[in-house]
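Please read the structure below before turning to the comments.
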Amino acid sequence: MTAKIVRVLLVFTTILVLGFYLPDLYRNRFEKRSYKRLLYYSEVSQDFVFAEEIYDSLRQDVRMVYRDRVGNPLSENEYARLLPFNNTRKLKLLGMMPDSVMGEPLTQEVLRSVRRLMLIGDKGFEYPLAPLFESQPGHPGVDLPEDLFRIGKRGIEFLHTTTNRIDTAKSRRFNEALTRAGFRAPARDIYGIPSTIKSRDDGYFVVDASGKLFHLLMVHGEPRVRAIDNDFEIKQIKCHVPGEIYCHIFTPENELYVLLTDYTLHKLPIGPNNGRFMLTYNRYFRSYKNLERDSSVMYVLDRDFAPVDRCAQAVPNYRNSPEADFEARLFPFRIMMTPGVTHLIPVPNPVGKFWLTNLCCVVVLAAIRLWRRARLYSPFQLIDLGMTAVFGIYGLIASLLFPNRF
Amino acid sequence: MILHLIYKEWLKTRWFALIAALVGVASVLGIVIGVAGGVRADAPFYFYQLIVGKERFFDLFRFVPLFAAVMIGCSQFLPEVTDKRIKLSLHLPLNATAVVYCMVFYGFLLLLAIVAVCLLLFLGLGAIYLPGEVMVPALKTMSVWVLGGMTAYFWIAMMALEPVGRYRFGYFIIAYLLVSLILRRYPIGGVDTLLWIFAGVTLVSSFSVLFTAYRFNKGIL
């Protein structure tokens, strides 16, 4: 009896292992590259333009086609002229760079004002230790400090990297400054750019035990702390390299706030989203492209974060392909592994798709067992058939791998 | 009689266990020497690499639990099954399950002792140079690999006792897939939920030998 129960547990474990590997194997073999569909906002026409990869059956190759919002086709050069910030080098080489945009000469300084970055609202793992750089070192760039800081129950502590001991004097100075600003230890989260590859240090944004946000800097070796009046919960903060924006702040509902260097907070007029954005901003507009699995929605805001325009576009996705449909018919579920903080998540397919495969698997298993003169109505044979009915191809393989003869 | 059985297991495994322990200790010393060298050469830059670059300074330990599991498992079960000597043990005036479990439990404790020594050494020496904020996530990631080693050991014991070659091959494939899943290079600090899942898998695997031992004892083909 014990051996039979153990066998059931092993079959179940095998089903989970197969649920992780087999769909991946199928996708590696059959998944085709999706054709690109790009969506941009043109500062020249102040409207959206599209670029799309299509398969040219005549040339048997993939080529790009371009069009404007109403569907008028554009040549490659016309498309490039509409997006001078994206195609600066090409337009300069061809001598096609527009003289001005929005009534302002298109100087080198204006062209350099463009920034592109990813905003992701999900948390990854970060060590609760970080180097606090000197924010005014007297030269461009930053110097790597000799210590790291953490903010635990005892407040901020500076840990000397060579000796692995706490610098009590410095810790006390910074603790006093934090306490004066109304900070309550321990820190819930610490956000910043701990990299040395930056022109200037803007310090760290620290969420205290009560959820209040603080800006912590070190200027000439002394603490500078500023409380920020946030009346919302903070899920994640994405800090930026020096510029006019300190950071973007995600709430647990993926509402997005932006904190400017003058400490003003703006709630962005962005609809429901999945917390994954491609942000592009320049002197004139800020475009937030929300990257969903099979669509992308671009919100264009002006310099003061007021809405200008919005456009949604369907994006080809493996989920909508015939291969994905066949996968859903073949496998009852798949186990996916998340990047960053690793989770194993079972993703079930609709029963309506895979029930026929599962039924076939049950019939095959029953036929094999009958051929081997097994009694199908014995409890453990019924468990095998039941697991195959639920887990389909995984159940069939697992049941056959572990012999059910005792 | 159990003590005699354990003594027999000790005689078979002692040298292999010693090799596994030495390899484990050497790997931990290698890790600590690397950390100490980095800290002495340029501590701020070394910590910068660890914290910002998320350098996995303890990667040398990744296959140590698996190596120890293979050494102990093979030295313990291969001699028993090549000449079917385990039949003698299974005919002792003891419950067959108790005999098999005694062997497996002995091997598990030996493996546990080896990895415990390695982890304690890592903790003791590593804490001289690294703060708890770095050591704890590192230990968590290493614990996943320890679970991988334990799972591998239980599946080796299970495969060894399987009397039919083609089934043994099937178990090997599943064990290979399972252990490679557990021994992946997971990101530091990103294994909190995985630890519980893999602990469950290891627990289930610990019973697996009962299945094949029963088949072996009954001579089922």
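Elements of the type helices (runs of 4 or more DSSP H) sitting completely within region A:32-148 and holding at least 3 residues that are in contact (Cβ under 8 Å) with a residue 24 or more places away in the chain: these cover A:76-82.
Yes/no matrix, rows are residues, columns are (1) modelled with pLDDT under 90; (2) more than 17 Å from A:Leu9 (Cα to Cα):
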residue: B:Leu110; (1), (2): no, yes
residue: B:Ala113; (1), (2): no, yes
residue: B:Phe122; (1), (2): no, yes
residue: B:Ile128; (1), (2): no, yes
residue: B:Thr141; (1), (2): no, yes
residue: B:Leu147; (1), (2): no, yes
residue: B:Gly165; (1), (2): yes, yes
residue: B:Leu195; (1), (2): no, yes
residue: B:Ser206; (1), (2): no, no
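The condition of being within 14 Å of chain B (Cβ to nearest Cβ), in contact with a strand residue (DSSP E or B) (Cβ under 6 Å, 6 or more places away or on another chain), within 30 Å of A:His343 (Cα to Cα) and modelled with pLDDT of 90 or more holds for only one of A:Leu148, A:Leu132, that being A:Leu148. Within the option set B:Val52, B:Val35, being touching a residue at least 12 places away in the same chain (Cβ under 8 Å), within 14 Å of chain A (Cβ to nearest Cβ) and either farther than 30 Å from B:Lys8 by Cβ or within 20 Å of the chain's Cα centre (by Cα) (or both) holds for one residue only, B:Val35. The residue of region A:5-40 that is farthest from B:Arg215 (Cα to Cα), among those that are more than 13 Å from every other protein chain (Cβ to nearest Cβ) and aromatic (Phe, Trp, Tyr), is A:Tyr40. When the criteria are applied in full, A:Val17 fails the requirement of being part of a loop (DSSP other than H, G, I, E, B) and buried (at least 16 other Cβ atoms within 10 Å of the Cβ).
Of A:Leu301, A:Leu279, all but one fail to be in contact with a Pro (Cβ under 8 Å, 6 or more places away or on another chain), surrounded by 16 or more Cβ atoms within 10 Å (Cβ to Cβ) and more than 30 Å from A:Met387 (Cα to Cα); the exception is A:Leu301.
A:Thr342 meets the conditions (1) free of Cβ contacts under 8 Å to residues at least 40 places away in the same chain; (2) away from chain B (no Cβ under 14 Å); (3) part of a loop (DSSP other than H, G, I, E, B) in every case but one. The failed one is (2). The strands (runs of 3 or more DSSP E) located wholly in region A:279-338 that include 3 or more residues which are in contact (Cβ under 8 Å) with a residue 40 or more places away in the chain and either closer than 17 Å to A:Phe354 by Cβ or β-branched (Val, Ile, Thr) (or both) occupy A:333-337. Looking at region A:178-211, which of the residues that are in contact with a helix residue (DSSP H, G or I) (Cβ under 8 Å, 6 or more places away or on another chain) and within 14 Å of another protein chain (Cβ to nearest Cβ) is nearest to A:Leu259 (Cα to Cα)? Among them, the one singled out is A:Pro194. Only residues that are in a helix (DSSP H, G or I) and at the interface with another protein chain (Cβ under 10 Å from one of its Cβ atoms) were counted across region B:145-165, and they come to 3. Only residues that are of a type in the set (Gly, Ala, Ser) and either outside any helix (DSSP H, G or I) or surrounded by fewer than 17 Cβ atoms within 10 Å (Cβ to Cβ) (or both) were counted across region B:117-131, and they come to 2. Any chance region A:185-207 includes a residue that's exposed (fewer than 14 other Cβ atoms within 10 Å of the Cβ) and more than 20 Å from B:Val134 (Cα to Cα)? Scanning region A:185-207 turns up at least one residue that is exposed (fewer than 14 other Cβ atoms within 10 Å of the Cβ) and more than 20 Å from B:Val134 (Cα to Cα). When you check B:Phe57 against the structure, is it surrounded by 18 or more Cβ atoms within 10 Å (Cβ to Cβ), touching a residue at least 40 places away in the same chain (Cβ under 8 Å) and farther than 20 Å from B:Met150 by Cβ, yes or no? Answer is yes for this residue. Scanning region B:182-208 for residues that are within 15 Å of the chain's Cα centre (by Cα), buried (at least 17 other Cβ atoms within 10 Å of the Cβ) and not in a helix (DSSP H, G or I) yields a count of 1.
Looking across region A:329-381, just one residue is among the basic types (Lys, Arg), more than 15 Å from A:Ile393 (Cβ to Cβ) and buried (at least 16 other Cβ atoms within 10 Å of the Cβ), and that is A:Arg369. For region A:296-331, the set of residues classified as polar (S, T, N, Q) and modelled with pLDDT of 85 or more consists of A:Ser296, A:Gln313, A:Ser321, listed by residue number.
Determine if region A:166-177 includes at least one residue that is within 11 Å of chain B (Cβ to nearest Cβ), over 27 Å from the mean Cα position of the chain (by Cα) and surrounded by fewer than 18 Cβ atoms within 10 Å (Cβ to Cβ). Scanning region A:166-177, I find at least one residue that is within 11 Å of chain B (Cβ to nearest Cβ), over 27 Å from the mean Cα position of the chain (by Cα) and surrounded by fewer than 18 Cβ atoms within 10 Å (Cβ to Cβ), so the answer is yes. B:Tyr7 meets the conditions (1) surrounded by 14 or more Cβ atoms within 10 Å (Cβ to Cβ); (2) away from chain A (no Cβ under 13 Å); (3) of a type outside the set (A, V, I, L, M, F, W, C) in every case but one. The failed one is (1).
The values are calculated or read from the model by the stated rules, or taken from the named source; none is laboratory data. As the structure is a computational prediction, the values presented were derived from the model and not from experiment. All Cβ positions, even for glycine, are placed from backbone atoms using ideal geometry, and neighbour counts span all protein chains on display.
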